[in-house]
Amino acid sequence: MSLLIPASFLRPAIRGMHWLKHRTFECRLVEATRHQRDWLLRRVVLCRDTQFGKDHGFADLRTIGQIRQRLPVAGYAAFAPYINAVAAGDTAALIPPSDELLQFTITTGSTGTPKLNPVTAQWLKEYQASWDLWGLKLFSDHPRQIGRRVLQMAGTWDMGRTPGGHQISMVSALLARRQSPFLRPYYALPEILNTVADPVARHYTALRLCMAESIGWIILMNPGSLLKLAEIGDQNRELLIQDIADGTLSTKFDIPDHVRTALPRRSIRADLPSARRLAAIVERTGHLLPRDYWDLPVIGCWLGGTAGFPSRYLSEVFGASPLRDMGLVSSEGRHTIPLEDHVPQGVPAIDAGFYEFVPVNEPGTVLEGHELTVDTEYRLLITNSAGYFRFDVGDIVCCRGFVGQAPLLEFLQKQERIGDLEGEKVTEHQIIEAAHQAAGSLGITLGLITAIPRRGAAHQQRYDILVERGDIPDIARARDFLAEFDRQLAELNFLWRARRREGVLGPPRLHRLPEGAWDQYIQGEVRRRGTGDFQYKHPGLVRNEDWVAHFRPLDTISLA
């Protein structure tokens, strides 16, 4: 059985590791351009004998300019034949002889078909090192919480095997299995809990196991999942208190028997003092929320991008907990490392890949990190140790400043999520920003929202906005929301303002969905894709007009 290392030992150990690793990293940021170029040139040399390297003449490449001339910017389709060959057993298609294929991960985006990504020993080493930098900085910034338990949930481990027999998993599950042995005893939830398919059952069980614990850290990418966790706890407060008092786990939820059997006995034991404390919270407040039963744990989640918008509501249920952005993380790697609380930007993981940037408004230009302009948007290109070279991952980032030569990057959205019915070029990020600004000005707590550009007859182009009726139950209030949303979007996007004034773009309409419609859709997507719901990224804008057919709106509300 693993024993907890005393916090009195952990604190100086973490401070020492942080000082050593982060000081070195910060020094490299000063000369980020040189370190990035050296990384790329080493990678090209390593891969010259792979089939990909032979096909692209790696043996002749000596400079960044030559690499750019020989290797065009490419999407997944350009790498798919090589990845499929690796999956079938021909590792030399992409992986140099000095490296080793370990397994595969799978993409977790909310649209499209999941795609395989190779996991090599070198890629995993770099990936873990980037997470260590993020974690050490987080821990050293909040020493008071060191020694308290960590609440973390991960994705699915067993997602099948490739034709060559290699394991396929979600990247979060891979990382969870490689936790530091020093920190593993501090994790409050057993890995087997991640296999519970029903999210309500999983969240209830997580709360049953750790509601009475001293939770100091919560690491969960999607802030919407954190809000759902708090909601499920409050809705089932009497049942949770009874389970804690009796030392039981309710049979109300779909928790497989093998999971129940595997749960640690110490977490299920009867705890009457904690049950009384929780009951007193309910009697005093009428609710059972994390802000009352936990002592302001540090929360790591998305703060940027459209998926990060729900983070602005976390203080309502978690109190004044410090929030640290998780950074731009994908199945292809950890791309940014946030360094401060409450801001959605971070520096590139300069030791885990080579990063290039294409200005959104200048698609023929490619820049290195030190060449970026503050408050300008770029498409992100990556080269990594898993076989990708100059790969367009489909993400749009914005430069928010610099640390040395390294840009501070904020993820905004996926690049294909831009509406353009009449030249308005409105982005998903602008849609979500306008919706939440409108909701905030009206005192509305807004849940998930999706906009769909809809083409009609002449002068009837408009955007349909989907929300659950529970978010805006009053029709007059719904019309106020539409008007304010329209106004906020005009402030954010001058093209929207112009097209609305010209009358070529009609006023937005609101479709109100039944309560629970979003959860039903998300679970359907999770089942279809075979991925977990923790990393689900809800689309704020969908360009497919037929997408609305997934739902049966209760009503449609118009401004005019």
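Considering only residues that are among the small types (Gly, Ala, Ser) and under 26 Å from residue 398 (Cβ atoms), look in the range 286-322 and name the one that is surrounded by the fewest Cβ atoms within 10 Å (Cβ to Cβ). Please lay out each step first, then the result.
Applying the first criterion (among the small types (Gly, Ala, Ser)) to the range 286-322 yields 286, 300, 304-305, 307-308, 311, 315, 319-321.
In the following step, the residues that additionally are under 26 Å from residue 398 (Cβ atoms) were identified as 300, 304-305, 307-308, 311, 315, 321.
Values: 300: 23, 304: 27, 305: 23, 307: 24, 308: 24, 311: 22, 315: 12, 321: 19.
Looking at the filtered set, the residue picked out is 315.
Collect the residues in the range 243-260 that are under 16 Å from residue 193 (Cα atoms) and either surrounded by 16 or more Cβ atoms within 10 Å (Cβ to Cβ) or not assigned by TED's automatic domain parsing to the domain that holds residue 193 (or both), keeping them in residue-number order.
Listed by number, the residues that qualify are 249, 250, 253, 255, 259.
Being surrounded by 21 or more Cβ atoms within 10 Å (Cβ to Cβ) and more than 19 Å from residue 554 (Cα to Cα) is the filter here, so list the residues in the range 463-485 that pass it.
485
With respect to residue 347, determine if the residue is modelled with pLDDT of 95 or more and either farther than 29 Å from residue 124 by Cα or assigned by TED's automatic domain parsing to the domain that holds residue 52 (or both).
It is true that residue 347 is modelled with pLDDT of 95 or more and either farther than 29 Å from residue 124 by Cα or assigned by TED's automatic domain parsing to the domain that holds residue 52 (or both).
Inspect all residues belonging to the range 316-330 and state whether any of them is modelled with pLDDT under 95, within 19 Å of the chain's Cα centre (by Cα) and closer than 23 Å to residue 44 by Cβ.
yes
Restricting to the range 340-358, what's the tally of residues that are crowded, with 23+ Cβ neighbours inside 10 Å and under 18 Å from residue 300 (Cβ atoms)?
5
Does the range 265-286 contain any residue that is touching a Leu at 6+ places or on another chain (Cβ under 9 Å) and either of a type in the set (D, E, K, R) or in a loop (DSSP other than H, G, I, E, B) (or both)?
No.
Test residue 209 against the stated conditions and say whether it is hydrophobic (A, V, I, L, M, F, W, C), part of a helix (DSSP H, G or I) and under 30 Å from residue 136 (Cβ atoms). Spell out the reasoning first.
Numbers: hydrophobic (A, V, I, L, M, F, W, C): yes; part of a helix (DSSP H, G or I): yes; under 30 Å from residue 136 (Cβ atoms): yes.
Yes, satisfied.
Out of the residues in the range 69-84 that are among the aliphatic types (A, V, I, L, M) and crowded, with 18+ Cβ neighbours inside 10 Å, state the one that is nearest to residue 53 (Cα to Cα). Walk me through it before giving the result.
Keep residues of the range 69-84 that are among the aliphatic types (A, V, I, L, M), which gives 71, 73-74, 77-78, 80, 83.
When the remaining residues are screened for being crowded, with 18+ Cβ neighbours inside 10 Å, the result is 71, 83.
Details: 71: 10, 83: 14 Å.
Selected residue: 71.
Could you pull out the residue among 85, 93, 59, 74 that is among the small types (Gly, Ala, Ser) and in contact with a strand residue (DSSP E or B) (Cβ under 9 Å, 6 or more places away or on another chain)?
The conditions single out 74.
Looking at the range 4-39, which of the residues that are among the β-branched types (Val, Ile, Thr) and in a helix (DSSP H, G or I) is nearest to residue 403 (Cα to Cα)?
Kept after step one, since they are among the β-branched types (Val, Ile, Thr), are these residues of the range 4-39: 5, 14, 24, 30, 33.
Checking the rest, the ones that are also in a helix (DSSP H, G or I) come to 14, 24, 30, 33.
On the way: 14: 23, 24: 14, 30: 7, 33: 12 Å.
Ranking the candidates gives 30 first.
Do the conditions hold for residue 265, that is, is it in the same structural domain as residue 242 (by TED's automatic domain parsing) and either in contact with a helix residue (DSSP H, G or I) (Cβ under 7 Å, 6 or more places away or on another chain) or farther than 30 Å from residue 123 by Cα (or both)?
Values: in the same structural domain as residue 242 (by TED's automatic domain parsing): yes; either in contact with a helix residue (DSSP H, G or I) (Cβ under 7 Å, 6 or more places away or on another chain) or farther than 30 Å from residue 123 by Cα (or both): yes.
Here the answer is yes, as residue 265 does meet what is asked.
Filter the range 363-409 down to the residues that are more than 23 Å from the chain's Cα centre (by Cα) and of a type in the set (Asp, Glu), then identify the one that is surrounded by the fewest Cβ atoms within 10 Å (Cβ to Cβ).
Result: 371.
So for the range 171-186 (the condition being modelled with pLDDT of 90 or more and surrounded by fewer than 21 Cβ atoms within 10 Å (Cβ to Cβ)), does at least one residue qualify? I'd like the intermediate steps shown before the answer.
The initial filter retains those residues of the range 171-186 that are modelled with pLDDT of 90 or more, namely none.
No - not one qualifying residue is present in the range 171-186.
Name the single residue, out of those in the range 134-155 being among the basic types (Lys, Arg) and farther than 16 Å from residue 182 by Cβ, that is surrounded by the fewest Cβ atoms within 10 Å (Cβ to Cβ). Give the steps one after another, and end with the answer.
The initial filter retains those residues of the range 134-155 that are among the basic types (Lys, Arg), namely 137, 144, 148-149.
The next check asks that each one be farther than 16 Å from residue 182 by Cβ; those that pass are 137, 144.
On the way: 137: 21, 144: 12.
Taking the candidates together, the pick is 144.
Just wondering, is there one or more residues in the range 215-235 that are touching a Leu at 6+ places or on another chain (Cβ under 9 Å), surrounded by fewer than 18 Cβ atoms within 10 Å (Cβ to Cβ), not charged (D, E, K, R) and not in a helix (DSSP H, G or I)?
The answer is no; no qualifying residue exists.
Condition check ((1) crowded, with 21+ Cβ neighbours inside 10 Å; (2) free of Cβ contacts under 8 Å to residues at least 24 places away in the same chain; (3) not assigned by TED's automatic domain parsing to the domain that holds residue 204) across all residues:
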residue	(1), (2), (3)
95	yes, no, yes
105	yes, no, yes
132	no, no, yes
157	no, no, no
164	no, no, no
169	yes, no, no
189	yes, no, no
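The values are calculated or read from the model by the stated rules, or taken from the named source; none is laboratory data. Everything quoted here is computed from the prediction, not taken from an experiment. In this analysis, Cβ positions are derived from the backbone assuming ideal geometry, glycine residues included, and neighbour counts consider all displayed protein chains.
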